[in-house]
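Below is one structure, written out as structure tokens; comments come after it.
The values are calculated or read from the model by the stated rules, or taken from the named source; none is laboratory data. Keep in mind that what you see is a predicted model, and the values were worked out from it rather than measured. Backbone-built Cβ (ideal geometry, glycine too); neighbour counts: all protein chains shown. What goes into the accessible areas is simple: the full protein's heavy atoms, side chains included, and nothing from ligands, DNA or RNA. Shrake-Rupley method; radii C 1.70, N 1.55, O 1.52, S 1.80 Å.
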Amino acid sequence: AQQPPDSCQTLCDCLEAAKTVKCVDGNLTAVPPDLPPYVRNLFITGNRLARLPAGAFPAQRLPDLSALNLSGNHLQAVEAGALAALPALRQLDLSGNPLVSLSPLAFGEGGSPLEELALRGALRDHGVLLSLAAMLQSGALRNLSRLELADNRLLLLPAGMFTALPALRQLDLSNNSLVGLRNVSFQGLGQLQSLDLSDNSLGVLRNGTLAQFRSLPALRRIGLGRNAWVCDCAIEDLVAWLKESDQVEGKEALTCAYPDKMLGKALLKINSSDLNCSVPVDLPSQLQTSYVFLGIVLALIGAIFLLVLYLNRKGIKKWMHNIRDACRDHMEGYHYRYEINADPRLTNLSSNSDV
């Protein structure tokens, strides 16, 4: 049905010439039902939506909506099918919402043409992170080219989270608390151009991760600034990669955070002599190796001893017989003396002979 003139202005600012509608700071608790069909850019920000239910956007009523900004709305739940009826949606911003529930089917069963997704500061709940990973792994957002996950206090990322994003070009993981990337696979991101890992808690990047970076043909911008690099022997691979790679932006500014003697030293200026890698650093492992060696030596001595016994078995047998005979003679002597002492007649005879 044709909307009455100016009905949009009751809740929002509607600019038909710019194909834009702005519903900003209006204390809205739901998506306005009478949004004009011409809208391409929709801003619903600073409101109190709380939840985005299925059918929040009228089916097929917004055929041209391509950019949707829902940031800062106190949004806690995005339910299944909430964003399914937007056939032209290319950009979605859910940043700054305290999400506790994000349905992996938020875009419906058939996926979405979405190209850019911003979730800055919206993934503080671990369950929501797992739900997002399930959504991405399902292939529902295979067209995604930009993914923003900054400002979420993330410690670790779910394994295989990015494996179904073949079109991804930009991945922003900055300003989190990532302590490692061991379970993170970047394989399959053949289009990835930019990866921002700055402002995290990374202490080292292992060989497996570095090999993935080398294998991505389009990856030309990696941000690693302001991380807590631990400059011990484990960092040698990272330093070698930094010296030969042109992928890292501002690599000259990367410095050690630990140990104290290396604090502030540029990673590019580290040499093996600075790390004392010739000295074993893993004492338990060294002790374990020593125990294994000792066990082998004892086993060898035991085998030699058994071999000697086997080769001298006849001599040993004769020796054992001699010992047995000697013991028997000795016992018979004891037995004879006992019988003499126990017989009173022999005792008296012995006494009389003394007289």
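Among the residues of region 254-265, are any more than 21 Å from the chain's Cα centre (by Cα), under 20 Å from Leu155 (Cβ atoms), surrounded by fewer than 17 Cβ atoms within 10 Å (Cβ to Cβ) and not hydrophobic (A, V, I, L, M, F, W, C)? Looking through region 254-265, at least one residue is more than 21 Å from the chain's Cα centre (by Cα), under 20 Å from Leu155 (Cβ atoms), surrounded by fewer than 17 Cβ atoms within 10 Å (Cβ to Cβ) and not hydrophobic (A, V, I, L, M, F, W, C). If only one of Asp172, Asp246 is out of contact with any Leu (no Cβ under 6 Å at 6 or more places or on another chain) and either crowded, with 20+ Cβ neighbours inside 10 Å or aromatic (Phe, Trp, Tyr) (or both), which one is it? One residue alone meets the criteria, Asp172. The residues listed here are Leu75, Leu68, Leu42; of these, the one that is aliphatic (A, V, I, L, M), in a loop (DSSP other than H, G, I, E, B) and either touching a Leu at 6+ places or on another chain (Cβ under 8 Å) or open to solvent by less than 20 Å² (accessible area, probe 1.4 Å) (or both) is Leu75.
The residues of region 91-141 that are of a type in the set (A, V, I, L, M), open to solvent by 20 Å² or more (accessible area, probe 1.4 Å) and outside any helix (DSSP H, G or I), listed by number, are Val100, Leu105.
Do the conditions hold for Ile270, that is, is it open to solvent by less than 10 Å² (accessible area, probe 1.4 Å), more than 30 Å from Arg146 (Cβ to Cβ) and over 22 Å from the mean Cα position of the chain (by Cα)? Here the answer is yes, as Ile270 does meet what is asked. Condition first: of a type in the set (Asp, Glu) and surrounded by fewer than 19 Cβ atoms within 10 Å (Cβ to Cβ). Can you find one or more residues in region 191-198 that meet it? For region 191-198, residues of a type in the set (Asp, Glu) and surrounded by fewer than 19 Cβ atoms within 10 Å (Cβ to Cβ): absent.
A search for C-beta distances below 9 Å between a residue of region 251-280 that is at positive phi and any residue that is surrounded by 14 or more Cβ atoms within 10 Å (Cβ to Cβ) and not in a loop (DSSP other than H, G, I, E, B), counting only pairs 6+ apart in sequence or on different chains, returns Gly264/Thr255; Gly264/Cys256; Gly264/Ala257; Asn276/Cys233. Whether any residue in region 3-11 is in a loop (DSSP other than H, G, I, E, B), surrounded by 14 or more Cβ atoms within 10 Å (Cβ to Cβ) and modelled with pLDDT of 90 or more is what I want to check. No, every residue in region 3-11 fails to be in a loop (DSSP other than H, G, I, E, B), surrounded by 14 or more Cβ atoms within 10 Å (Cβ to Cβ) and modelled with pLDDT of 90 or more. On the given criteria, is Gly55 open to solvent by 20 Å² or more (accessible area, probe 1.4 Å), within 37 Å of the chain's Cα centre (by Cα) and modelled with pLDDT under 90? So Gly55 fits the description; yes.
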